[in-house]
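Down below is the structure, laid out as C-alpha cells.
The values are calculated or read from the model by the stated rules, or taken from the named source; none is laboratory data. Predicted, not measured: the structure shown is a model, and the values here were computed from it. Neighbour counts run over all protein chains shown; Cβ positions are idealised from the backbone, glycine included. Surface accessibility is based on the protein's heavy atoms, side chains included, excluding ligands, DNA and RNA. Shrake-Rupley method; radii C 1.70, N 1.55, O 1.52, S 1.80 Å.
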Amino acid sequence: MPFVELDTSLPAERLPPGLAQTLCAAAADILGKPAERVNVTVRSGLAMVLSGSAEPCAQLAVSSIGVVGTAEQNKAHSARFFDVLTAQLGLGPDRIVIRFYPLEPWQIGKNRTVMTFL
C-alpha cells in the first residue's frame, strides 16, 4: 500500500490536469504495486526553500511496504520518479528531491485493523 505525497511551490494552475492520477499510475508501475493500492496526495502553492533557493521546487515522499528498503531499489525508483516529475512539473532535477520511507505492515491501518492481519 504505497503512499506518494508531492509538495510543490508551483501554483495549482501550473500543474497539469490529472497530476494525482498520473502519479498514481506512475507509482504503481515504478513500485510494482496495483494502482488500486496506491494513495497519492498533491499539495501545491506551498512556501518552500530547496537547497537555499526559493525558486520553484518540489519534494516527493514515497512510503511503501517491501519495495523502498534498499539503496539499490531506491536508486532505480529515483531515476524513474525523476523522469515523471521533471516531465510533469517542468522543473529541472536539481529542483526536486525525493524521500523514501520503508513501512512495515503493522504501521498501516485499514478496515479497522492493520495490514499485518489483512
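If I ask for residues that are part of a loop (DSSP other than H, G, I, E, B) and open to solvent by 50 Å² or more (accessible area, probe 1.4 Å), which ones from the stretch 34-55 would you list?
Residues satisfying the conditions are 34, 45, 46, 47, 49, 51, 52, 54, 55.
Yes/no per residue for (1) within 21 Å of residue 115 (Cβ to Cβ); (2) open to solvent by less than 30 Å² (accessible area, probe 1.4 Å); (3) under 14 Å from the mean Cα position of the chain (by Cα):
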residue	(1), (2), (3)
4	yes, yes, yes
11	no, no, no
26	no, yes, yes
31	yes, yes, yes
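Of all residues in the stretch 56-71, how many are open to solvent by 10 Å² or more (accessible area, probe 1.4 Å), under 24 Å from residue 108 (Cβ atoms) and either aromatic (Phe, Trp, Tyr) or not in a strand (DSSP E or B) (or both)?
Counting residues in the stretch 56-71 that are open to solvent by 10 Å² or more (accessible area, probe 1.4 Å), under 24 Å from residue 108 (Cβ atoms) and either aromatic (Phe, Trp, Tyr) or not in a strand (DSSP E or B) (or both) gives 5.
For the stretch 77-89, give me each residue that is in contact (Cβ under 8 Å) with a residue 24 or more places away in the chain and either part of a strand (DSSP E or B) or not aromatic (Phe, Trp, Tyr) (or both). Walk me through it before giving the result.
Looking only at the stretch 77-89, we keep the residues that are in contact (Cβ under 8 Å) with a residue 24 or more places away in the chain, and these are 77, 80-81, 84-85, 88-89.
The answer is 77, 80, 84, 85, 88, 89.
Which members of the stretch 89-101 meet the condition of being within 22 Å of residue 37 (Cα to Cα) and either hydroxyl-bearing (Ser, Thr, Tyr) or open to solvent by less than 80 Å² (accessible area, probe 1.4 Å) (or both)?
Passing the criteria: 98, 100, 101.
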